[in-house]
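Reading through the structure tokens given below for one structure.
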Amino acid sequence: MCGIVGYVGQDAVQEVLLQGLEKLEYRGYDSAGIFVLDQEKEGHLFKEKGRIAELRKIVDHSIPAHSGIGHTRWATHGVPSVVNAHPHQSADGRFTLVHNGVIENFQELKEMYVDEAALVGNTDTEIVVHLIGKFAKEQGLSGKEAFRAALGKVKGSYAFALMDSEEPDTLYAAKNKSPLLIGLGDDFNVVASDAMATVQITNEYVEIHDGEMVILTKDNVSIETIAGKTVERDSYQASVDASDLEKGTYPYYMLKEIDEQPAVVRNIIQQYQNEAGELVIPESLVESMLLADRIHIVACGTSYHAGWLGKHFLEHFAHIPTEVHVASEFSYHPPLLKGNPFFIFISQSGETADSRQVLVKVKEWGYPTLTLTNVAGSTLSREADATLLLHAGPEIAVASTKAYTAQIAVLAILSHVLGLKQEITSDLDLVHELGMVANAMESIIDEKQHIGELAKIYLRDTRNAFYIGRGLDYYVSMEAALKLKEISYIQTEGFAAGELKHGTIALIEEGTPVMAIITQAESASHTRGNIEEVRSRGANTCVFAMEGLERGSDEIILPAVHPSLAALLAVVPTQLFAYFATLHRGYDVDKPRNLAKSVTVE
Ligand code: M6R
């Protein structure tokens, strides 16, 4: 959450920062700001509430400045407003700071060190920049040493970028738990929350690890631990393709990402195939997982929903008992661990703080870990013993779509390979079955006009809605409900169809939209019964049924695919429902209120 970009070099910095922030806007978008320093050491601060487009309107591009920092905010402390927007400045205006994360001891620091009268806003970040200013002034420290002294006092998560007005050619940065990396260029260097911000100008990056600070000039980058020890680290080439970050002719990223799903599934098949066309997973990972007597999947949101499909695959294809955990709840009731547990973390971004805190704990306990992520080099990837990449390409819309289907496809491949090793799944041709899913996804996507019309009929004017299903269809219902509620603001529940009558059916009234998913032969007739129950109480039902299980009056027919993989297909019309319902209701599909793409606070 929150996006940071900083640049020191030769180009006009305003445009570099604004373009970087535009690429990072998916991380938070309630306010934004930039600070630039000209060669006369004069600072220029621009802050605005709302989107980067608003900030762009007030930035003075004529200022000759070649260094600066910028920030797009997802509010934690203090309401979204101009005063709380970053960058923040020290009392004397010498230091300017942007921050992503949460300073846990900010209250204590405020009481001990900061003159309350000097504060203009309510953010935890402002306390830190005042602290830096105070240490520099009262102890006669250089900017670098004052920053180091402040870092020694701060507890919590942070990615910081700092400017000292006395050094217009230098940028300082530091990181603990929140993402930040260095980008290297000819005659310039940058820091950013992720590579997307700067991939237009460089694809060479250097990681920053927790507890490190960085000093950047246009010709040099040096990394030190906060304790002052020099760190040497090689750079790497980022695999992000700048063209993947563009919407092209699409009105929204979400629609582009929905449409990309057949290609993503095909790409995943290729990425996990060897030259003989066999699906492969690194041998060391397979060996480690086959030692496990229980697998624990840990994730949040959409990735958590994919985890339930992971449980199905691991239990059915590989016969390994599997539990699924919401990451933010894990520490309050951790599973009883005995024998040989194995942990899988699922995270599109690889940066989710709730999942990461569980990973840290599991590593302390000494259990083997695997991360499934879309972002190579992300924190969860670096810190787990092994990584399987989703190969979905950058996902920009806050509502996750192609990452979900990619997670399911990779979980299916992983489980299948584990099954093959044990001679359990030898009769399943997963490459063929996934190929069938990709084709079927295409035919559903071709129906988007029709699905858009249905979304209008069912969802344009409603306040609440339900998705229901049983078994694997229940897992899809949970995901479908999350998608609909997070972007259309329709209060939606994903419910186990059989559980409705134990209380929730009381909410059904005349016209309540109830979408039912039917892809599993074993539960189809029971779900049909539940549809009748809600219909007879006035519900406006919409049935998504798989070929072979359909009835003449069903609204959406899904081409038949392997039942274990049906979720990959059934979720697509629900994504389109969410997309079109949101359009019909007049909201921003890609940037729903209160949310951010990458959730880097606990
Ligand atoms: O990056 P992650 O997969 O770890 O993110 C987890 C959730 O924050 C994420 O899936 C969220 O629920 C999506 N916005 C849902 O569309």
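Is it the case that residue 354 is in contact with a Lys or Arg (Cβ under 9 Å, 6 or more places away or on another chain), within 29 Å of residue 473 (Cβ to Cβ) and either open to solvent by 20 Å² or more (accessible area, probe 1.4 Å) or within 14 Å of the ligand (Cβ to nearest atom) (or both)?
No; evaluated as a whole, the condition is false for this residue.
Could you list, in sequence order, the residues of segment 321-351 that are open to solvent by 10 Å² or more (accessible area, probe 1.4 Å) and more than 16 Å from the ligand (Cβ to nearest atom)?
Pass one, segment 321-351, residues open to solvent by 10 Å² or more (accessible area, probe 1.4 Å): 321, 323-326, 328-329, 331-340, 348-349, 351.
Once the filter is applied, which keeps residues that are open to solvent by 10 Å² or more (accessible area, probe 1.4 Å) and more than 16 Å from the ligand (Cβ to nearest atom), segment 321-351 yields 321, 323, 331, 332, 333, 334, 335, 336, 337, 338, 339, 340.
Where strands (runs of 3 or more DSSP E) fall wholly inside segment 490-602, the ranges with 1 or more residues that are within 16 Å of the ligand (Cβ to nearest atom) and either open to solvent by 50 Å² or more (accessible area, probe 1.4 Å) or without any contact (Cβ under 8 Å) to a residue 60 or more places away in the chain (or both) are 491-496. Residue count for segment 154-180, restricted to those that are part of a loop (DSSP other than H, G, I, E, B) and either open to solvent by less than 10 Å² (accessible area, probe 1.4 Å) or in contact with a strand residue (DSSP E or B) (Cβ under 8 Å, 6 or more places away or on another chain) (or both): 9. State yes or no: is residue 122 under 20 Å from residue 35 (Cβ atoms) and open to solvent by 40 Å² or more (accessible area, probe 1.4 Å)? Judged against the criteria, residue 122 is a match. Could you say whether any residue in segment 201-212 is at positive phi, open to solvent by less than 50 Å² (accessible area, probe 1.4 Å) and not in a helix (DSSP H, G or I)? Yes, segment 201-212 has at least one match. Flag: residue 364 does not match the condition of being touching a His at 6+ places or on another chain (Cβ under 6 Å) and surrounded by fewer than 20 Cβ atoms within 10 Å (Cβ to Cβ).
With the requirement that a residue be aromatic (Phe, Trp, Tyr), away from the ligand (no atom under 16 Å from the Cβ) and closer than 21 Å to residue 373 by Cβ, what does segment 265-320 give you? So that I can check it myself, show each step before the final result.
Here is the first cut: in segment 265-320, the ones aromatic (Phe, Trp, Tyr) are 272, 304, 308, 313, 317.
Still in the list and also away from the ligand (no atom under 16 Å from the Cβ): 272, 313, 317.
The answer is 272, 313.
Could you tell me which of the residues 295, 269 is touching a Ser or Thr at 6+ places or on another chain (Cβ under 8 Å) and either open to solvent by 10 Å² or more (accessible area, probe 1.4 Å) or aliphatic (A, V, I, L, M) (or both)? Break it down stepwise before answering.
Details: 269 fails: touching a Ser or Thr at 6+ places or on another chain (Cβ under 8 Å).
Exactly one residue qualifies, and that residue is 295.
The values are calculated or read from the model by the stated rules, or taken from the named source; none is laboratory data. Given the structure is predicted, the values throughout are model-derived calculations rather than measurements. Neighbour counts run over all protein chains shown; Cβ positions are idealised from the backbone, glycine included. Accessible surface areas use protein heavy atoms only, side chains included; no ligands, DNA or RNA. Shrake-Rupley method; radii C 1.70, N 1.55, O 1.52, S 1.80 Å.
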